[in-house]
């Protein structure tokens, strides 16, 4: 159990969390998305412990406030449980299955939509850009409508 | 008020003859944050820091550090016990060895931490028996940083801490900054190195010609600063885009590039109303923000 836990931490630090200071998203939002993604794919499982705020901040070389903010927002969403003095634990009981199902449904819908857009004569690059614009800058795109 | 901010200044000014190095500066630096103080060479960063520490006297205005008036000698002494400072020129005694320097500094401070001292001595690969005068610039910087980091101050003020450091040294510096911050130390550091600031800072203040040009949280900056590239079929109607939040507009033929600090959606909307052929919106890095802000000035 211990060795598995250590393995997970190393994997988490080195593989999953990559914060990009250049993109138009705050670093804490990037970290939240990556933790969410890791729970959706099952890379992070229920009850698993995340690195402490200080450890992860030193590893990623970002302000401890960035990690603290991401953890506390995720606690708000119910995805993490913060225990005083012992760190952050993943809390996905019952969520994972329905999430996996939702993701499957979403992919089917997206596939259908992409087919329709191609029929409308859009090329894949244009479709990709439209998706990215919607995802990255929803407020700015919304005002166009 | 004093609890929320570690540094507060009001109309702080320093003139040398006819030259105003710092002009009516209003700073409010939050507690438990890493704040980067950016600016070009000669923008007034070091002068500001020296006034904060009471090393030079302001020509006008006032300021407080940890709730202590910067111009009051007694309050200044109190404040200096709780603030660690690394000066721009890293003054050290040349005739002492690295070890003697550390022993000397340790004897002054009741908040000294042997564990941090030992760790940094190893990390920074400082030669204990070498005389300070024969150290390279980078080594001097490392020694000065060690002397500040080995204390447990409430506030850490660093003037160009990465000067002379190689990439490995910068990595150790940033890691030490992060771990100090995790222990609850507020950090205020000046720099003109954007890349090192971009990751670790919570907040940035940009100084230009002695005045504050920008005071923003880095999260907010990432969220709201945008570059919008617009193409028109005719000549771009530049004047229609002078709305609030737009920092600069450049045109080239049918193309127009707008740089907005907020309100990017209004720019996009206007472009649509004016039948733009294409509108593309992209985030901008701190480097671009700095160049645009300082450049426009």
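Rule-based calculations on the coordinates, nothing more; no lab input. The structure presented is a predicted model; accordingly, all values stated were derived computationally and were not measured. Virtual Cβ from ideal backbone geometry, glycine too; neighbours counted across all protein chains shown.
Would you mind computing Rg(Cα) / (2.2 N^0.38 Å) for region B:1-85, counting N as its residues? Working shown, then result.
Details: Rg = 12.4 Å, N = 85, 2.2 N^0.38 = 11.9 Å.
Working it through for region B:1-85, the quotient is 1.04.
Tell me what chain B gives for mean residue ellipticity at 222 nm when only DSSP H runs of n ≥ 4 count, each as -39,500 (n - 2.57), the sum divided by the residue total, rounded to 500 deg cm²/dmol.
Calculated from helices alone, the mean residue ellipticity at 222 nm is -10000 deg cm²/dmol.
Taking chain B as a Gaussian network, where each spring joins two C-alpha atoms under 10 Å apart, which residue of B:82, B:33, B:242 fluctuates the most?
B:242
Once the Cα gyration tensor of region B:205-266 is found, what semi-axes does its equivalent ellipsoid get, as square roots of 5 times the eigenvalues, in whole Å, sorted largest first? Present the calculation step by step, with values, prior to reporting the outcome.
Details: eigenvalues 136, 36, 17 Å².
Working from the Cα gyration tensor, I get semi-axes of 26, 13, 9 Å.
Rule-of-thumb check for region B:103-154: C-alpha Rg over 2.2 N^0.38 Å?
Working: Rg = 10.9 Å, N = 52, 2.2 N^0.38 = 9.9 Å.
This ratio for region B:103-154 stands at 1.11.
So what's the projected area for region A:46-105, the Cα convex hull averaged over all directions, in nm²?
Projected over every direction and averaged, the Cα hull of region A:46-105 covers 4.7 nm².
Taking each pair of distinct Cα atoms in region B:233-297 once, what is the resulting Kirkwood hydrodynamic radius in Å?
Numbers: mean 1/r = 0.0805 Å⁻¹.
About 12.4 Å, per the Kirkwood formula over Cα pairs.
What average count of beta carbons from other chains do you get within 10 Å of the Cβ of residues in B:191-201? Walk me through the intermediate numbers first.
Values: counts 0, 0, 0, 1, 1, 1, 1, 4, 9, 10, 4.
Average neighbour count from other chains, rounded to a whole number: 3.
Any idea what Rg and Dmax come out to for region A:8-92 if you just take the C-alpha atoms, in Å?
Rg, Dmax (Cα atoms, Å): 11.6, 33.
Going by average Cβ density within 10 Å per residue, which order do the peptides A:52-60, B:140-148 take, highest to lowest? Mind dumping the intermediate values first?
Working: A:52-60: 20.0, B:140-148: 22.9.
Top of the packing list down: B:140-148, A:52-60.
Quick one: grab the alpha carbon gyration tensor of the protein assembly as shown, order the square roots of its eigenvalues as a ≥ b ≥ c, and give me rounded if a/c is under 1.5, else prolate or oblate depending on whether a/b is larger than b/c. Please list the in-between numbers first.
Working: a/c = 2.36, a/b = 1.34, b/c = 1.76.
The shape class here is oblate.
Let me know the whole percent of all Cα-Cα pairs from chain B that are separated by more than 37 Å.
Counting pairs separated by more than 37 Å, the tail of P(r) holds 25 percent.
Once each part is reduced to its C-alpha centroid, what is the distance from region B:93-148 to region A:101-125 in angstrom?
So the two Cα centres are separated by 62 Å.
Please report, for the Cα atoms of region B:159-280, the Rg to one decimal and the Dmax as a whole number; what are they, in angstrom?
Expressed in Å, the Cα Rg and Dmax of region B:159-280 come to 19.3, 58.
Using only the alpha-carbon atoms of region B:137-227, report the extent along each of the three principal axes, biggest first, to the nearest angstrom.
40, 28, 26
Where the centroid of each part is defined by its Cα atoms, how far is region A:42-61 from region B:175-243 in Å?
Their Cα centres are 28 Å away from one another.
Inside 10 Å of the C-beta atoms of A:20-32, what's the mean count of C-beta atoms belonging to other chains?
Working: counts 2, 12, 8, 4, 13, 4, 7, 7, 2, 3, 1, 0, 0.
Partner Cβ neighbours, averaged per residue: 5.
Taking springs between alpha-carbon atoms closer than 10 angstrom, which of B:175, B:23, B:226 fluctuates most in the Gaussian network model of chain B?
Highest fluctuation among the options: B:175.
Taking chain B as a Gaussian network, Cα atoms linked when under 10 Å apart, which of B:282, B:150, B:260 shows the biggest mean-square fluctuation?
Between B:282, B:150, B:260, it is B:282 that shows the largest mean-square fluctuation.
Partner chain Cβ atoms within 10 Å, averaged over the residues of B:266-274 - can you pull that number for me?
2
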